[in-house]
Amino acid sequence: MSDTQIPADTGKHRRANIESHEATPVAPPPSVTRRLVTNLVPPILAGILVILAYAWVRSGLPPHRQFLMPSGTGIWELAFGIPDFVLELLRRSVTTMAIAVTGLGLSISFGCVMGIVMFRFLFLEKAIFPYLVVLQSVPVLAIVPLIQSALGFGFMPKVLIVALFTFFAVPTTLLLGLKSVDRNILNLFKLQNASWWVTLRKACLPFAGPTLFAGFSISGSLAVIAAITSELFFLSGEGGLGQLLMNAKIDFKYEQMYAALIMASVLSIAVYLFFKWLGNRLFSHWHEASGKQQ
Amino acid sequence: MSADSTSTTAPEGQAAADGASLPGGNAIVFDHVSMTFPDGTEGLSDVNLAIAPGEFVSIVGPSGCGKSTLLKVASGLVTHTGGKVWVDRDQLGYTFQDATLLPWRKVQDNVELLMELRDFPAEERRRIAAEKIELVGLTGFENHYPQRLSGGMKMRVSLARSLALNPAVFMFDEPFGALDEITRERLNDEVIDLFVREGFTGIFVTHSIPEAVYMSSKVVVMSRRPGRIQDIFEVPFAYPRAPEMRYQADFSELCGEISLSLRKAIEG
């Protein structure tokens with residue numbers, strides 16, 4: 001890279017710029033507080049921005065429409081500050097969670113069986129998979145009235161709606177995971193004349209675990225939303241958070257509606273984090289992505 | 001055992017009940033073996049090769065010539081479409097191009113895997129695994145997960161896993177191709193050590209002529225696809241082999257001869 005090789009007249013070439021590059025001493029590992037700061041400050045800042053934006057939009061509303069966006073103090077005074085209401089909120093959360101968890105349980109158990117069956121028999125995969133996609137593309141909301149007419153207003157029709165919402169991700173992620181086992185690992189089992197069942201248990205299922213849990217997280221975060229949606233159509237009896245939302249609208253108690261919304265998000269996030277946590281516990285010792293944040 | 005390369009009914013590899021039933025007392029016999037894939041490409045064509053017990057045979061050939069297919073046919077992973085294969089598959093060792101460890105199993109449990117599939121009692125599995133882990137020099141790493149091991153260490157786990165079944169025939173399908181030169185040469189020595197100690201019959205597919213000569217008692221050169229046996233070279237050096245052998249004149253000379261044969265094989 002000597003200077004003389006560069007034609008001096010073009011002017012386009014950078015002249016050799018030789019300088020010594022200093023070494024950087026080994027950086028100490030980031031301390032706990034520092035890690036906390038890097039992990040917590042950005043979301044907190046973003047949260048503050050959202051709250052400011054909310055307050056700004058609210059202040060722009062004409063006074064007779066401000067009920068649409070209750071203030072923080074309003075939500076406290078008329079909702080979270082009232083012990084009776086908090087009790088009701090919790091009771092209704094339990095009702096909603098019962099629907100969500102039962103529906104999710106159905107999805108997971110049937111979905112896993114279906115994923116394994118499709119993996120075992122190619123013709124069943126060919127037969128079932130297109131209809132899974134069809135099922136996923138049916139607007140579930142649009143068939144809720146049908147479910148209602150057929151099954152009534154009890155617990156099971158709501159569970160069925162949750163199952164319809166959450167089913168798709170389970171068999172599809174399981175099938176994907178089962179199919180991506182390394183060819184030679186299968187050969188290894190084949191050389192020992194291992195049965196299909198043993199190969200499934202010792203090779204395919206463990207391998208599919210992380211993918212399947214990604215599916216569980218997707219389904220899990222949909223389950224609470226689905227449960228609340230199902231309740232919007234079933235207003236009789238002692239209902240869950242969805243019913244509370246509708247009641248709050250009818251009674252013009254928008255603070256309570258916001259409280260229910262916040263509760264619903266908390267529950268949804270909790271289900272999502274549960275599967276994240278469980279997946280990490282089960283797989284992080286061998287599966288790289290499982291141990292990572294998020 | 002007449003040759004019938006057009007036969008579409010695949011003759012099953014003959015699992016010999018007693019060693020005497022293998023023709024000529026050999027460990028592996030390929031008798032006019034051919035292999036045509038479902039899409040019509042010919043992988044192997046009329047392969048005849050007999051390997052005696054205790055031999056270590058390397059197979060070299062142009063890439064895509066069917067070297068790996070030959071191992072797959074011998075092990076029963078794929079079924080040939082003509083001719084006969086004689087081999088005792090009951091005690092078969094097999095290493096693939098990568099270590100194929102189960103990432104969720106610790107070293108110990110990976111080494112126990114094949115014994116588990118063969119329903120060995122737990123105590124025996126533990127004892128044999130410890131023994132084989134020591135044999136490949138990984139004592140102390142029993143509780144490590146594969147993702148924390150280097151490429152060479154993973155390969156050693158893979159070797160230990162196969163050795164646990166005490167194989168009579170050990171097939172190596174280009175096992176060290178992905179490793180660096182130094183690790184590769186060390187593993188060559190280790191496999192020779194294992195071969196001398198355990199006394200299996202070795203069949204080793206490789207791209208590297210020096211590796212083939214260094215390790216084997218016989219080097220087989222295959223022609224380009226569809227693979228046939230083009231040449232067989234006897235390697236006259238005694239076991240165990242010293243690394244210095246690689247720098248001796250007669251070693252280089254043999255490598256040169258095989259190179260020449262391989263060049264002919266590629267040109268057809």
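Could you check, for region A:17-27, whether at least one of its residues is loosely packed, with under 10 Cβ neighbours inside 10 Å and either acidic (Asp, Glu) or in contact with a Leu (Cβ under 9 Å, 6 or more places away or on another chain) (or both)?
yes
Within region A:137-183, count every residue that is surrounded by fewer than 17 Cβ atoms within 10 Å (Cβ to Cβ), touching a Ser or Thr at 6+ places or on another chain (Cβ under 8 Å) and within 14 Å of chain B (Cβ to nearest Cβ).
The total comes to 2.
Name the single residue, out of those in region B:32-53 being touching a residue at least 40 places away in the same chain (Cβ under 8 Å) and outside any strand (DSSP E or B), that is surrounded by the fewest Cβ atoms within 10 Å (Cβ to Cβ).
Selected residue: B:THR41.
Only residues in region B:218-239 that are among the aliphatic types (A, V, I, L, M) count as the first member; pair them with residues that are surrounded by fewer than 18 Cβ atoms within 10 Å (Cβ to Cβ) and assigned to a loop (DSSP other than H, G, I, E, B), Cβ under 9 angstrom, at least 6 apart or cross-chain, and list the lot.
No pair meets every condition.
Pick out, from region A:56-156, the helices (runs of 4 or more DSSP H) lying fully within it that include 1 or more residues that are in contact with an Asp or Glu (Cβ under 9 Å, 6 or more places away or on another chain), at negative phi and without any contact (Cβ under 8 Å) to a residue 60 or more places away in the chain.
A:83-120
Quick one: in region A:242-280, of everything that is assigned to a loop (DSSP other than H, G, I, E, B) and in contact (Cβ under 8 Å) with a residue 12 or more places away in the chain, which residue is surrounded by the fewest Cβ atoms within 10 Å (Cβ to Cβ)?
Top of the filtered list is A:PHE252.
Return the residues of region B:120-148 that are more than 8 Å from chain A (Cβ to nearest Cβ) and not in a helix (DSSP H, G or I); say none if nothing qualifies.
B:PHE120, B:PRO121, B:VAL136, B:GLY137, B:LEU138, B:THR139, B:GLY140, B:PHE141, B:GLU142, B:ASN143, B:HIS144 - these are the residues of region B:120-148 that are more than 8 Å from chain A (Cβ to nearest Cβ) and not in a helix (DSSP H, G or I).
Kindly indicate the residue of region A:196-233 that is closer than 30 Å to A:GLY152 by Cβ and among the hydroxyl-bearing types (Ser, Thr, Tyr) and also nearest to the other protein chains (Cβ to nearest Cβ) among those meeting that condition.
Step by step, filter region A:196-233, then rank; the result is A:SER219.
Please tell me if A:LYS202 is assigned to a helix (DSSP H, G or I), of a type in the set (Lys, Arg) and within 30 Å of A:SER180 (Cα to Cα).
So A:LYS202 fits the description; yes.
Restricting attention to region B:214-234, does a residue exist that is more than 17 Å from the chain's Cα centre (by Cα), within 19 Å of B:ILE51 (Cβ to Cβ), among the charged types (D, E, K, R) and in a loop (DSSP other than H, G, I, E, B)?
Within region B:214-234, one or more residues are more than 17 Å from the chain's Cα centre (by Cα), within 19 Å of B:ILE51 (Cβ to Cβ), among the charged types (D, E, K, R) and in a loop (DSSP other than H, G, I, E, B).
Take the residues in region B:74-119 that are part of a helix (DSSP H, G or I) and more than 10 Å from chain A (Cβ to nearest Cβ), then tell me which one is surrounded by the most Cβ atoms within 10 Å (Cβ to Cβ).
B:VAL111
Could you tell me how many of the residues in region A:45-56 are closer than 16 Å to A:ILE75 by Cβ and among the β-branched types (Val, Ile, Thr)?
The qualifying residues number 2.
Right, B:PHE176: touching an Asp or Glu at 6+ places or on another chain (Cβ under 9 Å), more than 14 Å from chain A (Cβ to nearest Cβ) and under 28 Å from B:SER217 (Cβ atoms) or not?
yes
Given (1) outside the structural domain of A:GLY239 (by TED's automatic domain parsing); (2) touching a helix residue (DSSP H, G or I) at 6+ places or on another chain (Cβ under 9 Å), where does A:HIS64 come up short, assuming only one miss?
The number of the failed condition is (2).
For region A:184-195, which residues satisfy the criterion of being under 33 Å from the mean Cα position of the chain (by Cα) and either within 18 Å of B:ASP119 (Cα to Cα) or more than 9 Å from chain B (Cβ to nearest Cβ) (or both)?
Across region A:184-195, the qualifying residue is only A:LEU186.
The values are calculated or read from the model by the stated rules, or taken from the named source; none is laboratory data. All figures in this text were calculated on a predicted structure; none of them were measured in a lab. Note that each Cβ is placed from the backbone with ideal geometry, even for glycine, and that neighbours are counted across all protein chains shown.
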